[in-house]
Amino acid sequence: MRIKICGLTKEEDALLAADLGAWALGFIFYPKSPRYVAPEAAASIIEAVRRRSQNPPDCIGVFVNENVDDIRKIQKLTGIDRVQLHGDEAPELCTQFSGSIKAVRLFSETDLESVAAFDGIIDYLLIDAAVKGQYGGTGQLANWELAKKAKSSSAPLILSGGLDPETVKAAWDAVQPWALDLSSGVEQEPGIKDHEKLRRLFREEI
Ligand SMILES: O=C(O)c1ccccc1N[C@@H]1O[C@H](COP(=O)(O)O)[C@@H](O)[C@H]1O
């Protein structure tokens with residue numbers, strides 16, 4: 001099971017997720033999020049993870065409708081491995097970044113048409129819950145039936161949205177994604193991870 005742990009703001013949480021075997025760690029650079037982390041703080045956490053982990057996970061920066069120059073500045077400052085574009089970014093913007101993850105919220109079947117436009121441009125397609133007025137970190141489940149249909153994309157699928165240690169197995173069995181992404185479902189409070197929930201998650205046999 002490949003797992004991304006997102007919304008990290010503390011070094012000890014990131015180190016634990018890395019030690020438990022997370023495939024990727026996510027840092028939210030969207031100022032309106034309660035999980036926002038300043039780029040300087042993220043840089044220090046990423047440096048610690050790379051120095052102290054045997055097998056350092058991919059470090060991913062999450063952006064919402066940010067401009068290309070500001071994303072590049074944060075990439076350079078933090079050393080993130082990839083960007084996750086979690087807003088209304090057009091395919092043209094995604095072409096500016098190699099190895100990107102594009103998050104898509106599927107409200108209905110018609111939104112599947114927008115997924116096709118990213119074929120060949122992105123490295124991973126992330127399906128998140130569709131909640132009007134919120135870009136992510138909602139704690140709501142995505143529509144797994146629509147997520148399954150999005151697997152027709154050429155990009156490997158990462159399933160996200162409201163997952164926690166209790167729901168990951170059902171999500172994995174139902175959608176068979178390439179990876180799962182968890183944030184609020186392994187928190188004590190926004191931005192602070194619950195170590196017991198993280199341990200329970202990685203004990204799940206999927
Ligand atoms: O976590 C946030 O606050 C956030 C804000 C804006 C865009 C994305 C955000 N997080 C991403 O949302 C999904 C699902 O989160 P959850 O498991 O439902 O809490 C995940 O990919 C986070 O990276």
Any hit, the range 120-142, residues being open to solvent by less than 30 Å² (accessible area, probe 1.4 Å) and part of a helix (DSSP H, G or I): no
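Conditions tested, residue by residue: (1) at pLDDT below 95; (2) at positive phi.
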{"site": "Gly7", "(1), (2)": "no, yes"}
{"site": "Leu20", "(1), (2)": "no, no"}
{"site": "Ile28", "(1), (2)": "no, no"}
{"site": "Ala38", "(1), (2)": "no, no"}
{"site": "Ala43", "(1), (2)": "no, no"}
{"site": "Ser53", "(1), (2)": "yes, no"}
Close pairs from the range 187-203: first under 13 Å from Asp19 (Cβ atoms), partner among the polar types (S, T, N, Q), Cβ under 9 Å, at least 6 apart: Lys193/Thr9; His195/Gln188
Among the residues listed as Val83, Val62, the single one being without any contact (Cβ under 8 Å) to a residue 24 or more places away in the chain, within 24 Å of Leu159 (Cα to Cα) and not in a helix (DSSP H, G or I): Val83
Selection count, the range 173-206, where residues are assigned to a helix (DSSP H, G or I), more than 15 Å from the ligand (Cβ to nearest atom) and open to solvent by less than 70 Å² (accessible area, probe 1.4 Å): 3
Residue selected from the range 86-97 under the condition over 11 Å from the mean Cα position of the chain (by Cα) and in a loop (DSSP other than H, G, I, E, B), by the criterion nearest to Ala117 (Cα to Cα): Ala90
Matching residues in the range 143-154 - criterion: being within 30 Å of Glu187 (Cα to Cα), away from the ligand (no atom under 15 Å from the Cβ) and open to solvent by 30 Å² or more (accessible area, probe 1.4 Å): Glu145, Lys148, Lys149, Lys151
Some residue of the range 34-50 being outside any loop (DSSP other than H, G, I, E, B), buried (at least 16 other Cβ atoms within 10 Å of the Cβ) and within 11 Å of the ligand (Cβ to nearest atom): yes
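Considering only residues of the range 106-119 that are assigned to a loop (DSSP other than H, G, I, E, B) and among the small types (Gly, Ala, Ser), which is nearest to Ala24 (Cα to Cα)?
The first filter runs over the range 106-119 and keeps only residues assigned to a loop (DSSP other than H, G, I, E, B), leaving 106-110, 117-119.
Checking which are among the small types (Gly, Ala, Ser) leaves us with 108, 117.
Details: Ser108: 29, Ala117: 25 Å.
Across the range 106-119, the extreme among qualifying residues is Ala117.
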Qualifying residue in the range 120-127 (condition: under 19 Å from the mean Cα position of the chain (by Cα), at pLDDT 95 or above, within 16 Å of the ligand (Cβ to nearest atom) and of a type outside the set (A, V, I, L, M, F, W, C)): yes
Unmet criterion (only one of (1) crowded, with 16+ Cβ neighbours inside 10 Å; (2) in contact with a helix residue (DSSP H, G or I) (Cβ under 9 Å, 6 or more places away or on another chain)) for Gln54: (1)
Residue in the range 98-105 that is open to solvent by 50 Å² or more (accessible area, probe 1.4 Å) and either over 23 Å from Gly139 (Cα atoms) or part of a helix (DSSP H, G or I) (or both) present: yes
Filtered residues of the range 1-33 (kept if away from the ligand (no atom under 16 Å from the Cβ) and either within 13 Å of Ser183 (Cα to Cα) or assigned to a loop (DSSP other than H, G, I, E, B) (or both)): Gly21
Flag for Gly139 being out of contact with any strand residue (DSSP E or B) (no Cβ under 7 Å at 6 or more places or on another chain) and under 21 Å from Gly87 (Cβ atoms): yes
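The values are calculated or read from the model by the stated rules, or taken from the named source; none is laboratory data. What you see is a predicted model; the values in this text were computed from it and never measured. Please note: Cβ atoms are built from the backbone with ideal geometry, for glycine as well, and neighbour counts cover all protein chains shown. Calculation scope for accessible area: heavy atoms of the full protein, side chains included, ligands and nucleic acids excluded. Shrake-Rupley method; radii C 1.70, N 1.55, O 1.52, S 1.80 Å.
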